[in-house]
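Notes follow once the structure below has been shown.
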Amino acid sequence: MNQNIWQGRLDGEEPLYHRLFQRIQNAENYDLVTTNDFVLHGFAVDEGVKRNKGRVGAKDAPDIIRKNMVNFPVIMPDFSMLDFGNITCENFDLEKAQAILAENVSKVLAKGAKSLVLGGGHEVTFAHYSGIRNAFPDKKIGIINIDAHFDNRKPEDGVGASSGTGFWQIAQEDNNFTLHIGIQRNSNTLKLFDTAHQFNMKYILADELFFENLPSVYERINELTESVDVLYLTVCMDFFNASIAPGVSAAAYNGIFTDAAFMHFYKHILKSEKLVALDIAEVNPQFDIQERTARLAASLANEWLMI
């Protein structure tokens, strides 16, 4: 990876004055990972977006998100994070790229660390989940998907898995403990709703995400988290309104804003002691404006690092 990314403004060398870039260690050896570390991988892949007939460009996002993370203040005295660089997709072999990420994530979680992945397309979901499943073969894994889409489409013959098939793939391998938050009616066909019901995928519509309805949203989140052993959170940036997240593979004119209602339930998820993995997907720098989407993605990741 580019060694020059993790540089920023210095306010002092004392740990309490540090910014995020001062606590990052570029790493290649997984033996360095210890319990309670955060471990970062970039999934610089959008072959799945291409297969899903979306706007390609998300493969360029991980380093731009990193750049927008460097100057966040560190408020945790014992915080540390190892950055293992980017995984790329060679020769259009999405499945191989997913397998590499899964293997690396499994190593991280087996050591008791936490996994943060910066996408890339939402094909990161199946890869990240696979690593979690490998690390916790006997655990109930809960997944919260903050997204306008179910991503539960069956792979097309001759095309294979894509950014829109992750939850269908997971459902073939595991009992589903999933909650999709922010589902848009105009972004999912009845077939996709039927598939969600078939596999017992729970969901909260975007229309239900307003401040007065937070008790119900919390109840649904708690119902999932209390029923599982470990928790994985995946965030697709097309969940957000196009005015604050224009740089995505599928922009949403009626998406959600980062208002008090969103931040309340988002931080509530992050505070769960069962949360072991988070990824941010579908930032597309080719369509971004003033790096708004990358900045938002960086902020969402940082919320977990400093919770």
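The values are calculated or read from the model by the stated rules, or taken from the named source; none is laboratory data. Here the structure is a predicted model, which means the values were calculated and not measured. Cβ placement follows ideal geometry from the backbone for every residue including glycine, while neighbour counts extend to all protein chains displayed. Surface areas here come from the heavy atoms of the whole protein model, side chains and all, with no ligands, DNA or RNA. Shrake-Rupley method; radii C 1.70, N 1.55, O 1.52, S 1.80 Å.
Output the qualifying pairs, or none if there are none: Cβ atoms under 7 angstrom, residues six or more apart or on different chains, first residue in the range 110-134 and surrounded by fewer than 24 Cβ atoms within 10 Å (Cβ to Cβ) and modelled with pLDDT under 95, second residue not aromatic (Phe, Trp, Tyr) and not in a loop (DSSP other than H, G, I, E, B).
Cβ pairs passing all conditions: none.
Under 6 Å between Cβ atoms, at least 6 apart or on separate chains: pull out the pairs that start in the range 248-263 with a residue that is within 12 Å of Gln184 (Cα to Cα) and end on any residue that is among the polar types (S, T, N, Q).
As it stands, the answer is Gly255/Asn241, since those pairs meet every condition given.
Restricting to the range 190-211, name every residue that is without any contact (Cβ under 8 Å) to a residue 40 or more places away in the chain, more than 30 Å from Asp259 (Cα to Cα) and either part of a loop (DSSP other than H, G, I, E, B) or among the basic types (Lys, Arg) (or both).
Of everything in the range 190-211, just one residue is without any contact (Cβ under 8 Å) to a residue 40 or more places away in the chain, more than 30 Å from Asp259 (Cα to Cα) and either part of a loop (DSSP other than H, G, I, E, B) or among the basic types (Lys, Arg) (or both), namely Lys191.
For Asn176, only one of the following conditions fails: (1) modelled with pLDDT of 95 or more; (2) in a loop (DSSP other than H, G, I, E, B); (3) not aliphatic (A, V, I, L, M). What is its number?
Asn176 satisfies all of (1) modelled with pLDDT of 95 or more; (2) in a loop (DSSP other than H, G, I, E, B); (3) not aliphatic (A, V, I, L, M) except (1).
Would you be able to say whether some residue in the range 20-41 is touching a Ser or Thr at 6+ places or on another chain (Cβ under 9 Å), among the acidic types (Asp, Glu) and closer than 20 Å to Leu305 by Cα? Talk me through it step by step, then tell me what you get.
The initial filter retains those residues of the range 20-41 that are touching a Ser or Thr at 6+ places or on another chain (Cβ under 9 Å), namely 23-25, 34, 36-41.
Next cut, among the acidic types (Asp, Glu) only: 37.
So of that shortlist, the ones also closer than 20 Å to Leu305 by Cα come out as 37.
Yes; the residues of the range 20-41 include at least one that is touching a Ser or Thr at 6+ places or on another chain (Cβ under 9 Å), among the acidic types (Asp, Glu) and closer than 20 Å to Leu305 by Cα.
Only residues in the range 32-53 that are over 19 Å from Ile280 (Cα atoms) and touching a residue at least 40 places away in the same chain (Cβ under 8 Å) count as the first member; pair them with residues that are surrounded by fewer than 24 Cβ atoms within 10 Å (Cβ to Cβ) and acidic (Asp, Glu), Cβ under 9 angstrom, at least 6 apart or cross-chain, and list the lot.
Between residues of the range 32-53 that are over 19 Å from Ile280 (Cα atoms) and touching a residue at least 40 places away in the same chain (Cβ under 8 Å) and residues that are surrounded by fewer than 24 Cβ atoms within 10 Å (Cβ to Cβ) and acidic (Asp, Glu), the close pairs are Asn36/Asp78; Arg51/Glu156.
Just to be sure before I move on: is Val217 assigned to a helix (DSSP H, G or I) and either among the β-branched types (Val, Ile, Thr) or within 22 Å of Asp151 (Cα to Cα) (or both) in the structure I sent?
Details: assigned to a helix (DSSP H, G or I): yes; either among the β-branched types (Val, Ile, Thr) or within 22 Å of Asp151 (Cα to Cα) (or both): yes.
Here the answer is yes, as Val217 does meet what is asked.
Give the range 249-287 a look and list any residue that's within 18 Å of Lys67 (Cβ to Cβ), in contact with a helix residue (DSSP H, G or I) (Cβ under 6 Å, 6 or more places away or on another chain) and open to solvent by 20 Å² or more (accessible area, probe 1.4 Å), or say none.
Correct list: Pro285 only.
Would you be able to tell me the number of residues in the range 61-96 that are among the charged types (D, E, K, R) and open to solvent by 70 Å² or more (accessible area, probe 1.4 Å)?
Of the residues in that region, 5 qualify.
Quick one: what pairs do we get from the range 164-177, first residue open to solvent by 60 Å² or more (accessible area, probe 1.4 Å), second not in a loop (DSSP other than H, G, I, E, B), C-beta under 9 Å, 6+ apart or different chains?
Glu173/Tyr129; Glu173/Ser130; Glu173/Arg133
It is to be established whether one or more residues within the range 8-19 are in contact (Cβ under 8 Å) with a residue 12 or more places away in the chain and of a type in the set (Phe, Trp, Tyr).
No, the range 8-19 contains no residue that is in contact (Cβ under 8 Å) with a residue 12 or more places away in the chain and of a type in the set (Phe, Trp, Tyr).
Does the range 50-70 contain any residue that is of a type in the set (Asp, Glu), at pLDDT 95 or above and in contact with a Leu (Cβ under 6 Å, 6 or more places away or on another chain)?
no
Would you kindly identify the strands (runs of 3 or more DSSP E) lying entirely within the range 11-130 that contain at least 1 residues that are at positive phi?
By residue number, 81-88.
For the range 224-276, give me each residue that is over 22 Å from Phe126 (Cβ atoms), assigned to a strand (DSSP E or B), of a type outside the set (S, T, N, Q) and at pLDDT 95 or above.
Phe240, Ile256
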